Each structure stands twice: as structure tokens, then as C-alpha cells.
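In what follows, a single structure is set out as C-alpha cells and then discussed.
The values are calculated or read from the model by the stated rules, or taken from the named source; none is laboratory data. None of the values given here were measured: they were computed from a predicted structure. Every residue, glycine among them, receives a Cβ derived from its backbone with ideal geometry; neighbour counts consider all protein chains shown.
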Amino acid sequence: MNIKEYFSSIFTGAHSLIKGMEVTGKELFTKKVTEQYPENRAELEIPERFRATLQFIYDEEGYHKCIACKTCERNCPNGTIQITTRMVDLPNGKKKMKLDKYMYDLGSCTFCGLCVTSCPTDAIKFSNDFEQAVFRREALLKQLNYLPEKEKPAPEPAAKPAAAAAKPEAKPEPKPEAAEPAKAADVQSPNADKKEE
């Protein structure tokens, strides 16, 4: 190494040191942002599309839309979802498969969203509640149909149209009975009376 290369390497090192100190100096004077979690839970803004945990969608009356088709279970890449079903008798005498347990293992979920996108009835979704830390792994196994199953009311028979219900049904008028032909014994000829006299 000659003298020129020696001083060139010193200059290059000094230049890179100054560049690094420039970045560090800027950070010394920028405003610091400190997350005060968990004290600032009320002000946290979690994106709506953030996938935290799977959950059922219940309506106001407490019904869910899962039909136990097991499409989400088949599409899950690592067996996170396990569905058990049961057969029930309908009022019309037919049998129908209903959901018994919908088990979801949060500990093995990869949050890929294949279960949500493939559900034909939009019965499940990902919530953005990220606080899912627990002390035991068994607590990560959740039953999503946690509300007691409500039986849907049986469908009522079809009502008559309003126009037909308003008009009373007209009774058919009785037809006049046809006069029976007179029997020969009952009819007396005018000549018969003359013979008797």
C-alpha cells in the first residue's frame, strides 16, 4: 500500500463516519413517539383489515349463519378448524345436518384468511382484537359457537291473498229439483171417473 492509498482509505472512513453521525444527530432532535400501551387502549387505532382471531357473526336475535358445510375446515392449510355436526329431525319429517361444535385453534392459525373467503354463507370473519396472550396453550383452543343454539321457528303456512280473504266465499244456490214423472197408478184419466158413476 502506498501513501496515496493510505490517505484515501482514511478519507473514505472519515466520510462514512460523518454520514453515520449525521443520521444519529438528526434522531437526537426529532420528536419522540412513545407508545403508552396498555394505558392508551382507548386511543389505539387498529386497522379494520388486521387479522387477529377468527369469530362467528351473530345477528341481533342470536342466530349465526353457519350451515356446517365444512368448507372452511377443508380449506384450512394446517388443520386449525375442526367442526363436529349432528343430525336433527325437522318438523316435516326430514333430517338435516346441524352444527354441534366449531373449534378453532388460535395457536396454529396462520391468519391466511382462506376460511373466511371460502365460506359460502359469510358466517365467520377475522376480528382485529390483537390482545390474545394467554399463559396456557390450551386456552388458545376456542369454541366459536359459544352462544346456546336457538331453534328457528317453524315456517307458518302460506296466508291467503288479501283479496280472497276479504270476499266471503259465495255458496252455490240450490238447484230446483226436477219434478218426478207421474206414476201411472197416481194419474187418473177422466174416463175412469165416468165409468165409476
Residues of the stretch 27-73 being under 19 Å from residue 114 (Cβ atoms) and either assigned to a helix (DSSP H, G or I) or at pLDDT below 85 (or both), in sequence order, are 71, 72, 73
Between a first residue in the stretch 51-68 that is closer than 11 Å to residue 145 by Cβ and a second residue that is part of a strand (DSSP E or B) and among the hydroxyl-bearing types (Ser, Thr, Tyr), which pairs have beta carbons less than 6 Å apart while being 6 or more apart in sequence or on different chains? 55/127; 64/58; 68/85
Considering only strands (runs of 3 or more DSSP E) wholly within the stretch 74-192, the ones with at least 3 residues that are in contact with a helix residue (DSSP H, G or I) (Cβ under 8 Å, 6 or more places away or on another chain), at pLDDT 85 or above and within 26 Å of residue 60 (Cβ to Cβ) are 124-127
Being over 17 Å from residue 141 (Cα atoms) and touching a Lys or Arg at 6+ places or on another chain (Cβ under 9 Å) is true for just one of 69, 112. Which residue is that? 112
How about the stretch 74-121: which of its residues are among the β-branched types (Val, Ile, Thr) and out of contact with any strand residue (DSSP E or B) (no Cβ under 8 Å at 6 or more places or on another chain)? 110, 117, 121
For residue 92, are the conditions met, namely being more than 22 Å from residue 148 (Cα to Cα) and in contact with a Ser or Thr (Cβ under 9 Å, 6 or more places away or on another chain)? no
It is to be established whether one or more residues within the stretch 4-17 are basic (Lys, Arg) and either touching a helix residue (DSSP H, G or I) at 6+ places or on another chain (Cβ under 8 Å) or modelled with pLDDT of 85 or more (or both). no
Considering only the stretch 4-17, I want to know if a residue exists there that is of a type in the set (Ser, Thr, Tyr), surrounded by 10 or more Cβ atoms within 10 Å (Cβ to Cβ), out of contact with any Ser or Thr (no Cβ under 8 Å at 6 or more places or on another chain) and not in a helix (DSSP H, G or I). no
